Each structure stands twice: as C-alpha cells, then as structure tokens.
1. Consider region 216-264. How many of its residues are without any contact (Cβ under 8 Å) to a residue 12 or more places away in the chain and among the acidic types (Asp, Glu)?
2. Determine whether Lys319 is without any contact (Cβ under 8 Å) to a residue 12 or more places away in the chain and assigned by TED's automatic domain parsing to the domain that holds Ile201.
3. Exactly one of (1) of a type outside the set (A, V, I, L, M); (2) assigned to a helix (DSSP H, G or I); (3) in contact with a Lys or Arg (Cβ under 8 Å, 6 or more places away or on another chain) is unmet by Asn329. Its number?
4. Just one of Val88, Val72 is assigned by TED's automatic domain parsing to the domain that holds Thr167, more than 23 Å from Glu176 (Cα to Cα), surrounded by 24 or more Cβ atoms within 10 Å (Cβ to Cβ) and β-branched (Val, Ile, Thr); which is it?
5. Please work out if Phe229 is more than 22 Å from Glu326 (Cβ to Cβ), assigned by TED's automatic domain parsing to the domain that holds Ala276 and either out of contact with any helix residue (DSSP H, G or I) (no Cβ under 7 Å at 6 or more places or on another chain) or of a type in the set (Phe, Trp, Tyr) (or both).
6. Suppose we filter Gln205, Gln286, Gln243 for residues that are under 22 Å from Ala300 (Cα atoms), surrounded by fewer than 19 Cβ atoms within 10 Å (Cβ to Cβ), touching a helix residue (DSSP H, G or I) at 6+ places or on another chain (Cβ under 8 Å) and not small (Gly, Ala, Ser); which single one remains?
Amino acid sequence: MNRFTLPRDLYFGKGSMEVLKSLKGKKATVVVGGGSMKRFGFLDTVEEYLKEAGMEIQIIDGVEPDPSVETVMKGAKLMLEFCPDWIVSIGGGSPIDAAKAMWVFYEHPDAKFEDIAKPFNIPELRNKARFVAIPSTSGTATEVTAFAVITDYSVGIKYPMADFEITPDIAILDPEIAYKMPEKLTAHTGIDALTHATEAITASQASDFSDPLALKAIKMIKENLEAFFKGDETARDNMHIAQCLAGMAFSNALLGISHSMAHKTGAKFGIPHGCANGIYLPYVIQYNRKEAESKYAEIARYIGLDGNNEQELCDEYIKYIRNLNEKLNIPATLKDYGIEENFFNENVESISKNAALDACTFSNPRETNAEDFEQIFKAAYYGKTINF
C-alpha cells in the first residue's frame, strides 16, 4: 500500500500570511533563524497577525544554518515551559527543520534523538500543537515535506529525519518574503529544487501522483531559474511555486543519492546543501542511468531538450544541468569548490560509509554501497566521467 501526504491547507500568493489572523488557539511559539526576518519586518507581521488572533507569543530565534541537535533540544525545552497550541516557523529551511524537530521533542520529551532519526519512527504528533511553515527561500520546500535535516556536530553528520508526522498542517507561500534572498542563495536553493524534482522522478516511491508535480516543477525551474538568479520579480514568484511542487513530489516519492552525498559532506566539507546537490547531480545521473535512463529521457523530452533516443536525451539533461551550474556560479567539482586534496582523501572512505547508510540511499533507483559511493565521490572531486 502506498501513501501520498500533503499539508491540510496551503495558502499562496502575495499577502497570504494574513491567514494567521484566523488561527484558533491561546499560545503560539514562533521559531526563526538569524535576523533577516526581523530586519525586513516579516517577523513583526507574523507577531501582529497572531496577536490579532488573540494569542500569546513566544519567540525562539537564532537557529543556525544547519541546525544542531543542541539547538533542537534547547528549543523543545522552551516550548515545554510555554505550552503552545501552535508552532509557527518563518525563514529558510534551517529554522523550519529545527522547529519540526523541536515539535517532536515538545510532544514527546522522553524520546531519544537516535530513535527519532530513524526513518518513519516518529511517534504521533498533534496531541499538543499544530504546525505552520512559512518559507523565506525558494528551494528546500520543507513547508510541505515529511523531512527535516538536523546536524550532529559531534560526529559531523547531517541526519535526515523522515516521517509523515512532521508534514506541516499549514504551509504559507508568500513570495514577497523570498524577494530579499541574496544572489548566491537563489542559486543554491534553485538547484536544490531541481535536484528534489529530478530525484523524485527516479526514486523508489515515485508514482502517478508525484511524477506530474516533479515534471511541472522541473519545467518551471528551467523557465525561471536564470531570471530568478538575476532578481526578476515574476521569476521569483514562479520559483517559489516551483520549489513547492518539487517538495510535494519528493516528500512522497522520496529522494536519491545526490542527497545522501550532500548530507554526509555538508558538515564535513562546509558545502551549503544546495551547492553540494548541484555539484553531485550530474555525476549521480551518470551513475543511475543504468537503471533510470528512461526516466531522465522523459524529463529531457518534457522540458524540450533534443535527442534521437534515450541515451542522447539523458546526455542532454546532464549537459543542461552542467551549463546551468556554470551560469549560477556553482563549481563543477569538489576540487573546484576548494576542498583540499589531502583532506578529501583522508575522509572519502568514512563519508562513503556514512552515505551508504543515509535514508535517501535506500530509495535511490540503483543499489549503492560504500565502495560505489567512494568512486562517485572521487569522480565528483576530479571531474571524471562515471561509466561503471
């Protein structure tokens, strides 16, 4: 039996944050990251609307990029003291992911992180609070997904929490929040969204429900990402929708080894998640094409790339991604990113073993072990073609 789960309500378009006025409850905890949401006035808007709804408000701020286990536990403790009916998170993927994890430990304070980090092992939520996600970036789609990525810095590993329990109840897509994204972040989040949609097409749980969402997302990304990167307002509106469609797809279809690799090298090598996905995706397609070439060809046809057969169409899709990376200033290799060769060689075996155990590996279209990962990582470091 398969399942397809989305937030109960999704509000979109300019001014859509106003729906916060209609929430019913007594208390709301608002989780944010750095100062940008406050600096640009969006946090004030959230507070104003929640107060109009008659709620007492608690602010948990300062969630770092790549949120840590310690930040999650600290936030959950504050929630336990405040007892909110609603958890509202506004910002990029990091504060929303952190808020999802805080939600779990608020409702289940005796749970252990090592258990929660196992795929689909989160106990039932919504006994104390419901969850609203308001994304400020156009890429992670965490506002509609059953995922959250939390970093254990003591071992340098990102853990993708995965369970439909943490799918938000309400997602609010107000594109005006994303207008403030800096150029580099638009590149990284945009290529992250493309990776989400591409991997959703080939993942083990892909279905007739997820494929149309993923294909539409890829087409919209192709039509808008470059203009989005240059600051075009209409393109930014469209990308905010496209990344959400990609999120709806991969939250149900699952992901693949581009994400396994990004999860295990983000903390170790200090590569932003979206950038890492952009580097890895062309190499992963080369590796996966033995099992999924027809899927990649389907993508290429849908977005108007030329090719006489599936092999040529797959080649064209790889070429398209590499050309796009170049336009977005995303390096072609780990070496180009600046990872020192000796440091890479010292760590490639351990990150390959960790990637083999990542939750996303098990939904990849081609079975991948630690030895395979080591070869793929080396290809992505030196820029070699994968033909095994």
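1. Residues in region 216-264 being without any contact (Cβ under 8 Å) to a residue 12 or more places away in the chain and among the acidic types (Asp, Glu): 1 in total.
2. yes
3. Failing condition for Asn329: (2).
4. Val72
5. For Phe229, the condition - more than 22 Å from Glu326 (Cβ to Cβ), assigned by TED's automatic domain parsing to the domain that holds Ala276 and either out of contact with any helix residue (DSSP H, G or I) (no Cβ under 7 Å at 6 or more places or on another chain) or of a type in the set (Phe, Trp, Tyr) (or both) - is not met.
6. From the options Gln205, Gln286, Gln243, the qualifying one is Gln205.
So that you can scan it fast, the table gives a plain yes or no per residue for (1) in the same structural domain as Thr265 (by TED's automatic domain parsing); (2) farther than 21 Å from Val69 by Cβ; (3) at pLDDT 95 or above:
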{"residue": "Ser136", "(1), (2), (3)": "no, yes, no"}
{"residue": "Val144", "(1), (2), (3)": "no, yes, yes"}
{"residue": "Phe147", "(1), (2), (3)": "no, no, no"}
{"residue": "Thr151", "(1), (2), (3)": "no, no, no"}
{"residue": "Ile166", "(1), (2), (3)": "no, no, yes"}
{"residue": "His188", "(1), (2), (3)": "yes, yes, yes"}
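The values are calculated or read from the model by the stated rules, or taken from the named source; none is laboratory data. Quick caveat: nothing in here was measured; it's all calculated off a predicted structure. In this analysis, Cβ positions are derived from the backbone assuming ideal geometry, glycine residues included, and neighbour counts consider all displayed protein chains.
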